[in-house]
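All remarks here apply to the structure that follows.
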């Protein structure tokens, strides 16, 4: 009897299972369609932008000397790639950016740790951090050049002057926003301040630290390009300032385009890293 | 018999920018091995303050806390503390969460690790140890928090409204589990709760506190047959309702007096 009943049940169970699967497939399909729709509009915007730019340049709607147009820009990039000139500049700039980016995040986080460790120090330093953060640090560039010589070190230090304090402020803030109850768990076991930091504060602030990485990618590029404006004989910032001085705006725009591409690639890398590291949150 | 916890003329004053206020005044209390004692009372009676002082998280302004006859100066491994919510670390696996106390007290041996794993199994959490807290229900998470507290093998457990964030059904199940586990392991426990029926169902003794400042108003000894029953069944025992109303009336009268 029971056997018979379950036999009767099976087809309907099978049917409802099939229905669920169908619904899920339709949902996935719709999602995929939506994503591809967004992507195609994005691509279309890009194509329209470049096409308009090209037409406007060729028909002299815009001043070609100032704004150039895409085919000229791409031809410039292609020439520099073939002649090999581009790679040296690109390598120098990317190197400076990565070093500035990593050191900026590292020093900023370390400073935040020091301040967290001593609440007294944090109260003392608070107004100085705020003032220093709102100061245009780029103006310190000339001093760095005299101190470290016109080159790699001065450029990295210029970048650090931009990234370190803001990193400190953001990371320190996230240390303070960790749920006090998680800290209480450690305290109930008699944990020390160093254990409190290693077991709770640091891992809990990981998302904030990663998100400062995202901000710092942009900051590092600004720092490096400004640094190169001031001192360099190499790098994309140098190409921009050189193009500007010889009135070759095609060179300026092609350098900007390359920066946009490489900066986006770095940003994507950080996003990928974020997804890997924060899988379980 | 040496009491597990002894409070002697315990007084605590909170000082803020605006004023200094008396939270707890002149509290005397002794709790003996294996006892399950509940602290109940209106808000502002200093329940959590008392628990924090027993745990060594707060220093009494006057008087002292003795654990096994020793004066308390800070958190000790003999005392386990269970918070209102699980507060599991989301970046740690269930097992890693359960082991945090052993890590912090530097007692993470292979034996202790195995013991913690079997504790997880005892609590019906087998198969979850490599998962993350976000994958567990509220009741399961609070059970992990219980394992985390028990893993360091404390003699005394302080329970700070550990059931308050759970839905009713889960709460009843967990009361049974915790009361049963603590009785079986012969732990001493102090429960802070605002739920009178919970206090009566799980305890040997219910201490009613009065507020502003916190002090003991009256102590109720729970009759043997209610004590022996599981918390869920205790609620159906003869005399339970009468006791509930007696505690309730006493608490009401103290609130009106304030």
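Worth pointing out:
- Checking each residue in the range B:129-143 for being surrounded by 15 or more Cβ atoms within 10 Å (Cβ to Cβ) and within 14 Å of chain A (Cβ to nearest Cβ) picks out B:131, B:132, B:133, B:136, B:141, B:142.
- Selection status of residue A:150, touching a helix residue (DSSP H, G or I) at 6+ places or on another chain (Cβ under 9 Å), crowded, with 16+ Cβ neighbours inside 10 Å, away from chain B (no Cβ under 11 Å) and on the phi < 0 side of the Ramachandran plot: no
- Subset of the range B:60-82 [touching a residue at least 40 places away in the same chain (Cβ under 8 Å), more than 10 Å from chain A (Cβ to nearest Cβ) and part of a loop (DSSP other than H, G, I, E, B)]: B:60, B:61, B:68, B:69, B:78
- Filtered residues of the range A:153-175 (kept if under 18 Å from residue A:205 (Cβ atoms) and either touching a helix residue (DSSP H, G or I) at 6+ places or on another chain (Cβ under 7 Å) or surrounded by 15 or more Cβ atoms within 10 Å (Cβ to Cβ) (or both)): A:163, A:164, A:165, A:166, A:167, A:168, A:169, A:170, A:171, A:172, A:174, A:175
- Contacts under 9 angstrom Cβ, first residue in the range B:145-159 being without any contact (Cβ under 8 Å) to a residue 24 or more places away in the chain and within 11 Å of another protein chain (Cβ to nearest Cβ), partner assigned to a strand (DSSP E or B) and surrounded by fewer than 24 Cβ atoms within 10 Å (Cβ to Cβ), 6 or more apart: none
- The range B:83-123, residues that are in a helix (DSSP H, G or I), surrounded by fewer than 21 Cβ atoms within 10 Å (Cβ to Cβ) and within 8 Å of chain A (Cβ to nearest Cβ): B:103
- Residue in the range A:266-278 that is within 14 Å of chain B (Cβ to nearest Cβ), loosely packed, with under 14 Cβ neighbours inside 10 Å and without any contact (Cβ under 8 Å) to a residue 60 or more places away in the chain present: yes
For (1) touching a strand residue (DSSP E or B) at 6+ places or on another chain (Cβ under 6 Å); (2) assigned to a helix (DSSP H, G or I), each residue gets a yes or a no:
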residue: B:208; (1), (2): yes, no
residue: B:218; (1), (2): yes, no
residue: B:225; (1), (2): no, yes
residue: B:237; (1), (2): no, no
residue: B:242; (1), (2): no, yes
residue: B:246; (1), (2): no, yes
residue: B:252; (1), (2): no, yes
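- On the stretch given as the range A:190-211, residues that are facing chain B (nearest Cβ under 8 Å) and either assigned to a helix (DSSP H, G or I) or modelled with pLDDT of 95 or more (or both) total 6.
- Residue check, residue B:57 touching a strand residue (DSSP E or B) at 6+ places or on another chain (Cβ under 9 Å), assigned to a loop (DSSP other than H, G, I, E, B) and within 11 Å of another protein chain (Cβ to nearest Cβ): yes
- Of residues in the range A:173-189 being assigned to a helix (DSSP H, G or I) and under 25 Å from residue A:130 (Cβ atoms), the one nearest to the other protein chains (Cβ to nearest Cβ): A:180
The values are calculated or read from the model by the stated rules, or taken from the named source; none is laboratory data. Source: prediction; values computed, not measured. Virtual Cβ from ideal backbone geometry, glycine too; neighbours counted across all protein chains shown.
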